[in-house]
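Written below as structure tokens is the structure these notes are about.
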There are 2 protein chains.
Amino acid sequence: MAKVKEAEKPIILITNDDDITSKGIRSLVEAVRDLGKVVIVAPDNPQSGMGHAITIGQPLRMEKVDLFGDIEAWQTSGTPVDCVKLAVDKILHRKPDICLSGINHGANHSINVLYSGTMSAAMEAAIEGIPSIGFSLLDYAYDADFTAAKQVVHKIVTQVMNMKKKDKHLLLNVNIPALPPEKIKGIKICKQAYAKYEEDFLERLDPHGKKYYWLTGAFTNFDKSKDTDVWALKNNYVSVVPVQFDLTNYTLKSQLEKSNLFK
Amino acid sequence: MAKVKEAEKPIILITNDDDITSKGIRSLVEAVRDLGKVVIVAPDNPQSGMGHAITIGQPLRMEKVDLFGDIEAWQTSGTPVDCVKLAVDKILHRKPDICLSGINHGANHSINVLYSGTMSAAMEAAIEGIPSIGFSLLDYAYDADFTAAKQVVHKIVTQVMNMKKKDKHLLLNVNIPALPPEKIKGIKICKQAYAKYEEDFLERLDPHGKKYYWLTGAFTNFDKSKDTDVWALKNNYVSVVPVQFDLTNYTLKSQLEKSNLFK
């Protein structure tokens with residue numbers, strides 16, 4: 001069989017929020033490098049919890065790095081969303097065929113989709129019309145075991161790339177339980193669970209006697225239905241939540257339209 | 001008529017993303033101070049474009065400030081979302097009756113809902129079960145004229161506070177055209193337009209000859225329907241988009257469930 005020419009290979013843009021040196025992004029690259037021409041554009045510093053932040057008040061830096069052998073890689077001083085914007089406008093000078101974000105060290109299920117830099121990068125790409133997937137492993141450790149995650153990533157990315165009719169705004173939030181491959185029961189299409197953090201700020205005193213606060217909180221799931229991502233993960237399934245960026249609450253919209261409020 | 005006791009007044013939490021010294025937040029306070037007991041918790045520095053970012057990697061500072069006469073006000077080093085979390089957990093020690101965010105200097109219609117710190121603060125409150133409204137004026141100037149905006153804010157907040165059956169996750173994205181009151185045609189319930197920025201990074205050289213990049217871009221509306229926020233604003237209406245934080249794409253979810261993908 002003739003070898004596919006480099007120029008004909010689909011371009012796979014890879015980013016993340018943990019930073020370009022993390023094991024998670026390396027694992028993602030290893031998982032998909034046989035599926036296309038990989039280009040990496042990722043933050044040069046940890047950007048967890050950055051949500052859909054963009055950098056407005058200061059300029060951005062960007063430099064080519066030699067961290068992935070023969071794969072083109074750039075680190076930027078920006079947020080994950082900035083990375084996607086820079087990749088399209090300044091590095092690729094075109095839209096990649098797919099954008100993959102992660103593999104995040106830690107869960108991005110349920111409400112975390114809003115706080116997650118990993119998912120916001122994927123969402124930014126989807127807004128741009130680039131099919132996009134965010135991957136997260138339920139293990140925060142810097143040396144987490146990505147063995148099963150890499151198999152899941154390869155399977156999902158292959159299938160999405162092979163979809164005949166693919167929504168250009170396709171956006172998936174994939175979470176993977178921290179289990180060995182043989183313990184994972186399968187892949188479930190889910191909805192986002194209604195869950196949230198019960199905040200509890202830790203109060204401390206600095207050496208000068210002034211107070212400061214650390215954000216901590218307990219994750220609480222209020223959603224007892226069985227088609228949520230939280231349920232799937234608890235039951236050893238990989239969760240796949242299709243995500244949209246139209247945040248209109250259409251139910252409330254028609255209620256308000258029927259009422260005479262604001263007239 | 002007996003005066004309502006201070007303790008019986010509804011608590012109105014006010015925050016923003018432009019920072020606690022901005023004219024927008026002062027205008028919001030002036031617009032609603034007769035409607036309840038106002039408490040302000042806002043960033044001590046500009047947080048525009050911070051989206052749903054939270055501060056994880058460093059601790060937060062918070063101090064009481066004397067900027068609003070007899071109204072309790074706190075500034076924090078955190079993001080708008082952090083401000084809401086701190087307000088509930090450390091300042092009010094309860095949920096306020098309503099949370100108002102803004103008035104933002106500049107538009108937060110369409111896709112901007114994702115990048116906006118103003119809207120993310122309101123969304124954080126809605127997740128907590130606090131009815132919440134984000135307000136934005138289509139004028140970026142620091143000394144923008146908030147005369148019409150204040151009238152709109154007073155009307156909408158009064159009506160929302162008086163709603164008999166109110167969804168505790170009620171969340172509205174209100175944008176106000178930069179016009180004198182008599183030029184505003186009314187208030188329209190809308191959906192979020194599909195629009196985006198066509199990025200164009202400005203490239204410059206620092207004094208040491210190294211490149212840096214400023215994020216710029218032209219706003220482009222791809223949504224030609226007449227029930228969008230962009231249409232309403234263009235036609236001199238105030239736009240009100242009801243917003244949700246369940247990002248599940250249910251259409252794509254049922255498509256994927258019907259397909260045999262990922263089996």
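Assorted remarks:
- Options A:T228, A:T220; residue that is closer than 20 Å to B:I127 by Cα, at pLDDT below 95 and within 12 Å of chain B (Cβ to nearest Cβ): A:T220
- Subset of the range A:239-263 (residues that are in contact with a helix residue (DSSP H, G or I) (Cβ under 8 Å, 6 or more places away or on another chain) and at the interface with another protein chain (Cβ under 8 Å from one of its Cβ atoms)): A:V240, A:V241, A:P242, A:V243, A:Q244, A:F245, A:L247, A:L261, A:F262
- Count of the range B:249-263 residues which are at negative phi and either in contact with a Pro (Cβ under 7 Å, 6 or more places away or on another chain) or assigned to a loop (DSSP other than H, G, I, E, B) (or both): 8
- When the test is whether a residue is under 20 Å from the mean Cα position of the chain (by Cα), more than 20 Å from B:V160 (Cβ to Cβ) and without any contact (Cβ under 8 Å) to a residue 60 or more places away in the chain, B:I20 passes it.
- Some residue of the range B:244-251 being among the hydrophobic types (A, V, I, L, M, F, W, C) and either at pLDDT 95 or above or in contact with a His (Cβ under 9 Å, 6 or more places away or on another chain) (or both): yes
- Within the range B:27-51, considering residues that are more than 30 Å from B:G217 (Cβ to Cβ) and touching a residue at least 40 places away in the same chain (Cβ under 8 Å), the one surrounded by the most Cβ atoms within 10 Å (Cβ to Cβ): B:V41
- Subset of the range B:1-25 [surrounded by 19 or more Cβ atoms within 10 Å (Cβ to Cβ) and either modelled with pLDDT of 95 or more or in a helix (DSSP H, G or I) (or both)]: B:I12, B:L13, B:I14, B:T15, B:N16, B:I20, B:S22, B:G24, B:I25
- Scanning the range B:177-190 for residues that are surrounded by 22 or more Cβ atoms within 10 Å (Cβ to Cβ) and either within 14 Å of chain A (Cβ to nearest Cβ) or part of a helix (DSSP H, G or I) (or both) returns B:I189, B:C190.
- Restricted to the range A:52-162, the set of helices (runs of 4 or more DSSP H) holding at least 2 residues that are crowded, with 22+ Cβ neighbours inside 10 Å, more than 10 Å from chain B (Cβ to nearest Cβ) and of a type in the set (D, E, K, R) is empty.
- Residue tally, condition out of contact with any Gly (no Cβ under 7 Å at 6 or more places or on another chain) and more than 18 Å from B:P43 (Cβ to Cβ), over the range B:84-96: 2
- Test: residue in the range B:204-214 that is in contact (Cβ under 8 Å) with a residue 12 or more places away in the chain, part of a strand (DSSP E or B) and more than 8 Å from chain A (Cβ to nearest Cβ): no
- Within the range A:80-109, tally of residues that are within 19 Å of B:L114 (Cα to Cα) and either free of Cβ contacts under 8 Å to residues at least 40 places away in the same chain or touching an Asp or Glu at 6+ places or on another chain (Cβ under 6 Å) (or both): 6
- Residue in the range A:163-176 that is surrounded by the fewest Cβ atoms within 10 Å (Cβ to Cβ), counting only those that are of a type outside the set (V, I, T) and outside any loop (DSSP other than H, G, I, E, B): A:L172
- Among the residues of the range B:196-214, those that are of a type outside the set (F, W, Y) and modelled with pLDDT of 90 or more comprise B:L202, B:E203, B:R204, B:L205, B:D206, B:P207, B:H208, B:G209, B:K210, B:K211.
- Residues of the range A:218-239 that are in a strand (DSSP E or B) and more than 8 Å from A:C190 (Cβ to Cβ): A:A218, A:F219, A:T220, A:N221, A:Y237, A:V238.
The values are calculated or read from the model by the stated rules, or taken from the named source; none is laboratory data. Everything quoted here is computed from the prediction, not taken from an experiment. In this analysis, Cβ positions are derived from the backbone assuming ideal geometry, glycine residues included, and neighbour counts consider all displayed protein chains.
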